[in-house]
Amino acid sequence: MTTGIRRRTTGRVPRPAELDAREAAAGASRIGNRALTGVVAVFTVLVVVLDYLIGADLQVIPLLVVAPALASVFCTVRQTVSVALWVTAVIVVSRLLIGDTFWALALSIGFSVLACGLGVGSCAMRIRHAVELARLRTAAGALQRQILRPLPVLTDQVFAHGLYEPIEEDRLVGGDIYEVVESPHGTRVIIGDVQGKGLAAMGAGLAALGAFREAAFREPALTGVADALEDAVVRHNATSAQAGETERFVTALILGFDSDGRVEAVNCGHIAPRMLHDGEARVVRLRRTSVPLGMAELSPEVRTAEWFDFPSGATLLVCTDGVTEARDASGAFYPLDERLDRWVRWGPREVLDALRTDLEAFTGGVRRDDIAVLALRGATVHRTRQPELPRANGLLTADTP
């Protein structure tokens, strides 16, 4: 005997509200009916008056067909059809009033109908393309939430805020990776940067992410996690080489947090983290930096872990070189440490907001690489200030987009 809740099925899969909203926005008009009516009326009057002043030497009335063409860019299909019908009617009436011959009248009507029909067709194609793009963006957003965990994330040891911006604005995932995993061995965090940019670098990044999510639970030692990532990137490169694709390496910083106020780190050729604490921003010097993932066979040294203090109330900032190697118009690098000195007394979210705004201003909006930043703070600080958050997939999450 089985028990459970019976669900009534209708044979239709519910549409996500996000998809409905995106499609509605894609097909919405950018100009109201009243404004459209006013603009078309003024344009019609100007063309008719101009046609009357010029006389029979030069017919200006056919210029009205520009109106449906412009409406197709900003309006709905219904609005564009209305403009097309109005324009056609004005052209026909004006030709009748001046007493055109039958063939001249037929030519005017045919030209008007053809031009207006092209405007309506263009409008329909634009909206259909926008709706398809909205569907793709919705699917891409769902895919991103599966590839990269939405932030912020709260675990037993860490509260992690984040900033992620791929170099390709029409892509939601690029070559930078991050993950926060709560495991039996404490919270483990990775931030990495795949050689190359954008979609071309995604393959190696996905291989490293998948390996990290498994190894973070399975491996008791953080160096074991790094070894598992090395094997995953090497296997991916072997497969890529067989397909004629470029082999890539991955710089990565792997961190392990427990409850004793210390952090374990394995640095695989990545940028050193920054610590913001007691009114001071400083670089955490990691003395045992090894080669990037995928290049272990080129180095005789074995990857080792090292520890550093993580005081209560401190913020640990880790990022990719999309931040440190950002340039202004003169070619100067972004002064991250100088900027952090200004924000050292701010909270993680405020620091990330300021960093995003300042990077945009510094580079003039021209990004040359993917950007990923994590701002990590001890979870005990936030548990005393916030109610417990709903648990999802082994992690406590807040403000999930």
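The values are calculated or read from the model by the stated rules, or taken from the named source; none is laboratory data. All values derive from a computational prediction rather than experimental measurement. With ideal geometry, Cβ positions are generated from the backbone for all residues, glycine too; neighbour counts draw on all protein chains shown. Just so you know, the surface numbers come from the protein's heavy atoms only, side chains and all, with ligands and any DNA or RNA stripped out. Shrake-Rupley method; radii C 1.70, N 1.55, O 1.52, S 1.80 Å.
Listed values for segment 329-336 are Karplus-derived 3J(HN,Hα) couplings in whole Hz (6.51 cos²θ - 1.76 cosθ + 1.60, θ = phi - 60°), namely 5, 8, x, 6, 6, 5, x, 4, and x replaces Gly and Pro. Backbone phi angles across segment 289-294, fed through the Karplus curve with coefficients 6.51, -1.76 and 1.60 (θ = phi - 60°), yield HN-Hα couplings of 6, 10, 6, x, 5, x Hz in residue order; Gly and Pro are listed as x. Rounded if a/c is under 1.5, else prolate if a/b beats b/c, else oblate: with a ≥ b ≥ c from the C-alpha gyration tensor eigenvalues square-rooted, which is segment 99-138? Cα axes put segment 99-138 in the prolate bin. In the complete set of protein chains, residue-level accessible area for Arg95 is approximately 10 Å², probe 1.4 angstrom. In this structure Met125 has an accessible area near 120 Å², from a 1.4 Å probe over the protein heavy atoms. Count charges around Cys75 for me, please; just the other residues with Cβ under 14 Å from its Cβ, Lys/Arg as +1, Asp/Glu as -1. The answer is +4. Backbone amide hydrogens, once placed in the peptide plane, bring Gly162 within less than 5 Å of Ala375, excluding anything fewer than 5 places away on its chain.
Using a/c under 1.5 as the rounded threshold, could you call segment 332-375 rounded, prolate or oblate? The axes a ≥ b ≥ c are square roots of the C-alpha gyration tensor eigenvalues, and prolate needs a/b larger than b/c, oblate otherwise. Note, shape of segment 332-375 comes out prolate.
Each of Tyr334, Tyr52 has its accessible area taken with a 1.4 Å probe; listed largest first, they run Tyr52, Tyr334.
Exposure check, 1.4 Å probe, all protein chains in place: Leu50 carries approximately 80 Å² of accessible surface.
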